[in-house]
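Working notes, beginning with the structure itself.
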Amino acid sequence: MGMRDWQINPYVSLVFEHLTTHLQTRGLTPRLYHHSDMEQMIAETASAVLLGVEAEDSRVHALQAARIPFVSIGQRLDGFWICPDDFAGGVLAAEALLQAGCTRLAMIEIDSQGKGTGLRAKGFHETVGNADQTADICWVPDSDTPSLTAYRTLMREWQTTRPAYDGLFCETDEVALGVLKVLEDLNISVPDQVRLVGYDDLPVFGQTLTTIRQDTNELVRGAVDLLIRAQQGSEPQAVIMPVQLVRRGTV
């Protein structure tokens, strides 16, 4: 069983931890492969779980060509996949900020083509629009260090032009922590002056954030169930997992 380390980050580490547990109960042992080791992964694995799948992902085509069963976590494909309900998560984030009285909204988004998290933005912006408001987009470059990159990018933009926002939705908790640090260094109080919502509810990262929780353990359990069905030659199946708003100290 192979899994690409799209980015070795807390989310990937948490997923791999759960994968190890659930696969071992099925008599399987996971191995972690970097994207550059795709040929080795194809040669050594009988099935795969993919993270960070993007549009026209070469891993998908290689696995299909080799007839190796696989499951995608977080991206919707023609095949077996499981995802959190990102659209609903975006809706929940927008509703939380709107209900808190925020009127100057923005979403902090990772600038990456074909990413699997685009429905978070869609749900957020549609809900804001349905409330007859608009939300800006603040782009953060895709990187292996989302918190640091978010901090550097937004500090450069906001230290000369103080942000006028009173409500921010961050694509991930890691990005949210970088944004929180920017606000702190600019002496902008959260949540008194700016309210903020993250996404994922990662251990440690999410412990102070109001965030959208995806149940990673259940997501992975579902992925393993799908993987077994894929190995058995079943018809492809898709699963959307529910998410929920967790209120803490930033809204």
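Any read-out appearing in this document is the output of simple, stated calculations on the displayed coordinates, not a laboratory observation. Fair warning: this is a prediction, and the values are worked out from it, not measured in the lab. Quick reminder, even Gly has a Cβ in these numbers, built from the backbone with ideal geometry, and neighbours come from all protein chains shown.
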Next item on the list: Can you tell me the order of 30-37, 9-16, 208-215 when each peptide is scored by its average per-residue count of other Cβ atoms within 10 angstrom, highest first?
Entry: 208-215, 9-16, 30-37
Margin query: Treating only the Cβ of Lys, Arg, Asp and Glu as charged (+1, +1, -1, -1), what charge dipole size does the range 86-213 show about its Cα centre? Round to the nearest 20 debye.
Written below: 160
Next item on the list: Obtain the nm distance between the two label points defined at Ala66 and Gln133 by a simple spin-label model: each point lies 7 Å from its Cα along the Cα-to-C-beta direction.
Entry: 4.9
Margin query: 7 Å from Cα along Cα→Cβ at both Thr20 and Lys181: what's the point-to-point distance in nm?
Written below: 2.7
Check: What does the helix-only formula give at 222 nm for the chain: each DSSP H stretch with n ≥ 4 adding -39500 (n - 2.57), the total divided by the residues, and the result rounded to the nearest 500 deg cm²/dmol?
Finding: -12500 deg cm²/dmol
Check: How many nm separate the modelled label positions at Glu157 and Ser143, each set 7 Å beyond the Cα in the direction of the Cβ?
Finding: 1.4
Check: What's the local net charge at Thr25, with K and R +1, D and E -1, over the other residues with C-beta under 13 Å away?
Finding: +1
Note to self: Please compute the contact order of the chain in relative form: average sequence separation of alpha-carbon pairs under 8 Å and at least six residues apart, divided by the residue count, as a percent.
What the structure shows: 22
Note to self: Averaged across orientations, what area in nm² does the convex hull of the alpha carbons in the range 184-251 project?
What the structure shows: 5.9
Next item on the list: Considering only DSSP beta bridges where both residues belong to the chain, give the percentage that are antiparallel (nearest 5).
Entry: 10
Margin query: Between 0 and 90 degrees, rounded to the nearest ten: what's the tilt of helix 216-231 against the longest Cα principal axis of the chain?
Written below: 30
Item checked: For peptides 226-232, 167-173, sequence by mean Cβ density within 10 Å, most packed first -> 167-173, 226-232
Item checked: Unit charges on C-beta of K, R, D, E only; dipole of the chain, Debye -> 300
Item checked: Cα principal axis extents for the chain, largest first, Å -> 54, 31, 30
Next item on the list: Give the Rg/Rh ratio for the range 86-213, taking Rg as the radius of gyration of the Cα atoms and Rh as the Kirkwood radius, to two decimals.
Entry: 0.93
Next item on the list: Can you tell me the FRET efficiency between Gln244 and Glu126 if r is taken as the Cβ-Cβ distance and R0 is 22 Å, rounded to the nearest 0.05?
Entry: 0.70
